[in-house]
Amino acid sequence: MGDTARVYTFVLIMTVVVALVLAGMTTVLKPIHKKNEAIFNKKAVLAAIQSKLGEDVKASDLPDDEVQGLFDNKITQYVVDYEGTPISQEEVEERGYKGGQAEHVDMKKEKKRPEAERFFPVYVYEDNGEKIYIITIRGSGLWDEIWGNIAIKDDFATVVGASFDHTGETAGLGAEIKDNPGFPRQFQGKSLYDSEGNYTSVVVRKGGARHPRYEVDGISGATVTCDGVSDMLYDGIKKYMPYFNSVKI
Amino acid sequence: MAETAIEKKEPTFAFGKKERKLLTDPLNDNNPITVQVLGICSALAVTTLLVPSIVISIAVVFVCAFSNLFTSLLRKSIPKQVRMIVQLVIVATLVTVVELTLKAVDYDIYKQLSIFIGLIITNCIVMGRLEAFAMANTPWKSFLDGVGNGVGYGVILIAVAFFRELFGKGSLFAGSPIEMKIIGATPEYWINTMADGSWFSWYSNNNLMVLPAAAMFLIAIMIWVHRSWNTKLVDIS
């Protein structure tokens, strides 16, 4: 009996000590974690307009304050609904996204909602009177989710650039959508429509692009991931069409 | 009480021949991967690139050393019935500390490694050393043993990652500021296989190298090399 009591006391003390240490550490580091995550996501948005940042600047290497500066000065954030109507900050906060800006919307959670109820983040980059619309899309790769930011010109037909990320695609194969800067670079200047004006989105073609107007080369050995990117682009951009139509002059 | 009396005769932080052996043994005669064949799971999973492998190695050295230290400090008060659970809690706590720290210090690397940091908990080397060594030795010796085993594991991990990244991706240290592009099909690489008159026009990166199976072959070759060089290992096991 004395032995059992000793075991319980030991386990209890150990659990309390461990819980205190970890809880303390989490609380202390939480602001830094939040800041790092926000900057990380902002860099992904900026990576989509890589071509506008200048040749030697890489979005992923930008210092934190410069990223924040670009967001403060040149980017306006909107959250729109399924019909393309902008949603107020309060409404976004009501759904539990503290801050109420596009950057606070959790696309993973949104994807689980019925389409008609989803929130869609839009970032508008404005420089020298030129407007670029950056949208966030999400889909499935081979093993897990993939997502990306697509920058589109204000003709709503020409892609300015793209950036992709993933949870667990195979390194060296599917993961190249993120790791190989050459893959997103191919999207620059692609059209979302074929020459007859039908919506095609941008297609990642296995074995090389056949219609250079709206197709890019796939990655050999990563067919499922590339098909996932194609599907994500097709469905994702389509959902923003009502918004594009509403801002189109 | 008799046991403690004997231990106290040695100075606590002695660093003699015995202690040096604790550090060097896991590097050669008792390497966790090539001799004990422990920790293979993570050696297969994380070694596609050098940078994550180096980070994981540092994390394992840290976790191994300090879990050994704490377990050894508590070894006389840990109730026998729950000792495995206690060890697991110590390891899990340290791993979480590593994860939280990495998330604050370098978010990009944290994103890259994501689940693999958590998987250190299941690394057989860590638990193995706790059971086999820390439960029966003084804190200082256990600490050294932890460092030795962590480094012994890390050295193999980094060696495997070196070959996998070089032949699978054609680069070294990808994703870090000192990224080296060695061989590939664009002018960015030192050896451009597509350049006119290149001697390497036959070469292309080996996609097998990025799959876990490649690590299996590489580790097997390392075990082979290790045993032909250190012949006293041949008849063990």
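How large is log10 of I(q)/I(0) for the range B:79-143 at q = 0.26 Å⁻¹ when the intensity is taken from the Debye formula with one equal scatterer per alpha-carbon?
Listed by q, the Debye log ratios stand at -1.09.
Calculate log10 I(q)/I(0) of the range B:169-227 for q = 0.20, 0.27, 0.31 Å⁻¹, where I(q) comes from the Debye formula with a single equal point scatterer on each Cα and nothing for solvent.
Rounded to two decimals, the profile gives -0.85, -1.00, -1.11.
What's the local net charge at residue A:128, with K and R +1, D and E -1, over the other residues with C-beta under 14 Å away? Present the calculation step by step, with values, prior to reporting the outcome.
Working: positive: A:52, A:74, A:131, A:153; negative: A:126, A:127, A:130, A:154.
Here the charged neighbours net out to 0.
Taking residue B:103 as the anchor, which aspartates and glutamates have their alpha carbon closer than 16 Å to its alpha carbon, excluding any fewer than eight residues away along the same chain?
Answer for residue B:103, where 16 Å is the Cα cut-off: A:37, A:64, listed by chain and number.
Spin-label point model (7 Å from Cα, Cβ direction): what's the residue B:229 to residue B:208 distance in nm?
Taking the two extended label points, one gets 2.3 nm.
Within straight cross-link reach of residue A:131, meaning Cα distance under 17 Å, which aspartates and glutamates are found once same-chain residues fewer than 8 apart are removed?
Within reach: A:72, A:154, A:155.
Given points 7 Å out from each Cα along the Cα-Cβ axis, report the residue B:221 to residue A:144 separation in nanometres with one decimal.
With each label point 7 Å from Cα toward Cβ, the separation is 3.0 nm.
For the range A:1-150, rounded, prolate or oblate, judged on the Cα gyration tensor with a ≥ b ≥ c (square roots of eigenvalues), a/c < 1.5 rounded, else prolate if a/b > b/c?
On the way: a/c = 2.68, a/b = 1.95, b/c = 1.37.
Verdict is prolate for the range A:1-150.
Of all chymotrypsin sites (Phe, Trp or Tyr not before Pro) in the range B:1-110, which ones are in loop regions per DSSP and have a Cβ with at most 12 other Cβ atoms within 10 Å? Please report the intermediate quantities before stating the final value.
Values: sites: B:13, B:15, B:62, B:66, B:70, B:107, B:110; in loops: B:13, B:15.
In loop regions of the range B:1-110 (DSSP not H, G, I, E or B), the sparsely surrounded chymotrypsin sites (Phe, Trp or Tyr not before Pro) are B:13, B:15.
If you place +1 on the Cβ of every Lys and Arg, -1 on the Cβ of every Asp and Glu, and leave all else neutral, what size is the dipole of chain B about its Cα centre, to the nearest 20 Debye?
Numbers: 19 positive and 16 negative charges, 160 e Å.
Magnitude of the dipole: close to 760 debye.
Rounded, prolate or oblate: which one fits the range B:99-190, using the alpha carbon gyration tensor with axes a ≥ b ≥ c (rounded when a/c is under 1.5, else prolate when a/b beats b/c, else oblate)? Don't jump to the answer; show the numbers that get you there.
On the way: a/c = 3.09, a/b = 2.05, b/c = 1.51.
Prolate, because a/c is 1.5 or more and a/b exceeds b/c.
Which one of B:139, B:79, B:64 is farthest out on the positive end of the charge dipole of chain B, using unit charges on Cβ (Lys, Arg +1; Asp, Glu -1) and the Cα centre as origin?
Sorting the options by dipole projection puts first B:79.
Could you tell me which of the pairs A:98/A:238; A:52/A:74; A:34/B:111; A:206/A:239; A:178/B:111 are separated by over 18 angstrom between their Cα atoms in the structure shown? If you can, show how the numbers build up before the last one.
Details: A:98/A:238 27 Å; A:52/A:74 12 Å; A:34/B:111 14 Å; A:206/A:239 25 Å; A:178/B:111 12 Å.
From the list (A:98/A:238; A:52/A:74; A:34/B:111; A:206/A:239; A:178/B:111), the Cα-Cα distance tops 18 Å for A:98/A:238; A:206/A:239.
Say each of residue B:58 and residue A:89 gets a label point 7 Å from the Cα, pointing the same way as Cα to Cβ; how far apart are those two points in nm?
3.9 nm
Roughly how many whole Å is it from the C-alpha centroid of the range B:160-178 to that of the range B:118-145?
30 Å
Within the P(r) computed for chain B, what percentage of the Cα pairs occupies the region above 32 Å? Please report the intermediate quantities before stating the final value.
Numbers: 8333 of 27966 pairs.
Of all Cα-Cα distances in chain B, 30 percent exceed 32 Å.
Using 0.36 nm per residue of separation minus the Cα-Cα distance, give me the extension gain between residue A:32 and residue A:113 in nm, one decimal.
Details: separation 81, 0.36 × 81 = 29.16 nm, distance 2.98 nm.
Answer, rounded to one decimal: 26.2 nm.
Residues with beta-carbon under 12 Å from that of residue B:102, excluding residue B:102: net charge, scoring Lys, Arg +1 and Asp, Glu -1? Don't skip to the end; give the middle numbers.
Values: positive: B:103, B:111; negative: B:99, B:106, B:108.
Its environment carries a net charge of -1.
Please give the charge dipole size of the range A:33-247, origin at the Cα centre, charges +1 on K and R Cβ atoms and -1 on D and E Cβ atoms. Round to the nearest 20 debye. Don't skip to the answer; put the middle values down first.
Working: 27 positive and 37 negative charges, 79 e Å.
Charge dipole, the range A:33-247, about its Cα centre: 380 debye, nearest 20.
Using the Cα gyration tensor of the range A:33-247, with a ≥ b ≥ c the square roots of its eigenvalues, what is the shape: rounded (a/c below 1.5), prolate (a/b larger than b/c) or oblate (neither)?
Numbers: a/c = 1.33, a/b = 1.26, b/c = 1.06.
In terms of gyration-tensor shape, rounded.
Out of the range A:152-245, which trypsin sites (Lys or Arg not before Pro) are coil in DSSP terms and have no more than 12 other C-beta atoms within 10 Å?
In loop regions of the range A:152-245 (DSSP not H, G, I, E or B), the sparsely surrounded trypsin sites (Lys or Arg not before Pro) are A:210.
What whole-number distance in Å separates the alpha-carbon centres of the range B:22-71 and the range B:204-228?
Cα centroid to Cα centroid, the span is 17 Å.
Using a 10 Å cut-off around each Cβ of peptide B:197-207, what is the average number of partner chain Cβ atoms that fall inside? Don't skip to the end; give the middle numbers.
Numbers: counts 0, 0, 0, 0, 0, 0, 0, 1, 1, 1, 6.
Going residue by residue through B:197-207 and averaging, the value is 1.
Based on DSSP loop calls and a cut-off of at most 16 other Cβ atoms within 10 Å, the longest stretch of chain B free of exposed trypsin sites (Lys or Arg not before Pro) is what? Intermediate results must be reported in sequence, preceding the final value.
On the way: sites that count: B:8, B:9, B:76.
Looking at chain B, B:77-237 is the longest stretch - no exposed trypsin sites (Lys or Arg not before Pro) with at most 16 other Cβ atoms within 10 Å.
With N residues in the protein assembly as shown, what two-decimal value do you get for its Cα radius of gyration over 2.2 N^0.38 Å? Walk me through the numbers before you get to the answer.
Working: Rg = 26.9 Å, N = 486, 2.2 N^0.38 = 23.1 Å.
Expressed relative to 2.2 N^0.38 Å, the Cα Rg reads 1.16.
Just so you know, all these numbers are worked out from the coordinates, no wet-lab data involved. Everything numeric in this text was worked out from a predicted model, so none of it was measured. No Cβ is skipped: glycine too gets one built from the backbone with ideal geometry, and neighbour counts run over all protein chains shown.
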